[in-house]
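Q: Here's a structure for you.
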Ligand SMILES: NC(=O)c1ccc[n+]([C@@H]2O[C@H](COP(=O)([O-])OP(=O)(O)OC[C@H]3O[C@@H](n4cnc5c(N)ncnc54)[C@H](OP(=O)(O)O)[C@@H]3O)[C@@H](O)[C@H]2O)c1
């Protein structure tokens, strides 16, 4: 049985899709603000607010009842208060919704959930110097407060013998009709011929949500509840800027990209939390999954 915490999120939706591609096992997806789509075989939605202890206990009861005798539970935890600027503006909410909620969730569900993958970020590192690609064993040094919060979450996960995946900026078509992401935004600005400035000199080893979800699903598929490393970087082979992603998407779709303009990070005065090029090494995940290349799809 699979449990997806944050099933209505961007990554959560792709995870549900990818898990259904490889198995008939039951998927229990948590929803917070709004229930997800009905009528999908082997998918059950259960409400969960990870900031509320009663809600976690109810969720625990629900998955305990849904689990067949002896069945192992594999969980992917994507929930969080995850916008770096919002975390800086509201540090108490950031600590409560990310760290305290995670501690509570694990304390209540630990004996039931056999294996859990937690979604962390490349922001647990500082800016890459000389295009250095951080490896899993490198000492983190978070670039901003959001990175610090995620690093503390990582330590909680590892102490509980669960698994951390560190992810870069992800993009892709939103599977949630109520939530627009980067790709839908690009489509809209091109359609309306609005000028859209996109960061052009700051790089990550970005991947699309579908590819990240496929990697996570395949880790569970291949290793079941015994994923052999505590931290795994899931990211692309090549560094790419958001501007390059936007242009490539427009080109693949045959859209006119004249309204997409490059923006240098030092000119982007709207960011509160520090950003910079952070590159991750992906050789571990490629060797675990038997992949030669890991490239994004637009
Ligand atoms: N997006 C990126 O580029 C990126 C990069 C690196 C790492 N990550 C990590 O990847 C994970 C998924 O990101 P995403 O882009 O899919 O984000 P997202 O769409 O915002 O998904 C977050 C999910 O968390 C749920 N959630 C929020 N507060 C909750 C609460 N109190 N109780 C229960 N659930 C709650 C949301 O539920 P509702 O929608 O129902 O409110 C949503 O489904 C996050 O942990 C993020 O830190 C993302």
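Q: Mind listing whichever residues of region 58-71 are in contact (Cβ under 8 Å) with a residue 24 or more places away in the chain and exposed (fewer than 13 other Cβ atoms within 10 Å of the Cβ)?
A: The answer is 64, 68, 71.
Q: In the set 202, 243, which member is crowded, with 17+ Cβ neighbours inside 10 Å, modelled with pLDDT under 95 and either over 24 Å from residue 21 (Cβ atoms) or more than 21 Å from the chain's Cα centre (by Cα) (or both)?
A: Working: 243 fails: modelled with pLDDT under 95.
That would be 202, the only listed residue that is crowded, with 17+ Cβ neighbours inside 10 Å, modelled with pLDDT under 95 and either over 24 Å from residue 21 (Cβ atoms) or more than 21 Å from the chain's Cα centre (by Cα) (or both).
Q: Go through the residues of region 208-216 one by one and say whether even a single one is more than 13 Å from the ligand (Cβ to nearest atom) and in a loop (DSSP other than H, G, I, E, B).
A: no
Q: Kindly list the number of the only condition in (1) away from the ligand (no atom under 13 Å from the Cβ); (2) without any contact (Cβ under 8 Å) to a residue 40 or more places away in the chain; (3) part of a loop (DSSP other than H, G, I, E, B) that fails for residue 128.
A: Answer for residue 128: the failing condition is (2).
Q: What's the total number of residues in region 176-219 that are touching a helix residue (DSSP H, G or I) at 6+ places or on another chain (Cβ under 8 Å) and free of Cβ contacts under 8 Å to residues at least 12 places away in the same chain?
A: Adding up the residues that qualify gives 1.
Q: Just to be sure I understand, how many residues within region 81-105 are under 22 Å from residue 61 (Cα atoms) and either loosely packed, with under 15 Cβ neighbours inside 10 Å or touching a strand residue (DSSP E or B) at 6+ places or on another chain (Cβ under 8 Å) (or both)?
A: 4
Q: Considering each of 270, 220 in turn, give the residue that is within 21 Å of residue 10 (Cα to Cα) and either at pLDDT 95 or above or assigned to a loop (DSSP other than H, G, I, E, B) (or both). Walk me through it before giving the result.
A: On the way: 270 fails: within 21 Å of residue 10 (Cα to Cα).
Checking each option against the conditions leaves just 220.
Q: Sticking with this structure for a sec: Give me the residue from region 137-169 that is near the ligand (Cβ under 10 Å from one of its atoms) and farther than 24 Å from residue 115 by Cα and, out of that set, surrounded by the most Cβ atoms within 10 Å (Cβ to Cβ).
A: Among them, the one singled out is 146.
The values are calculated or read from the model by the stated rules, or taken from the named source; none is laboratory data. Model, not experiment: these values are computed from the prediction. Methodologically, a virtual Cβ is constructed for each residue, glycine included, from the backbone with ideal geometry; neighbour enumeration extends over all protein chains shown.
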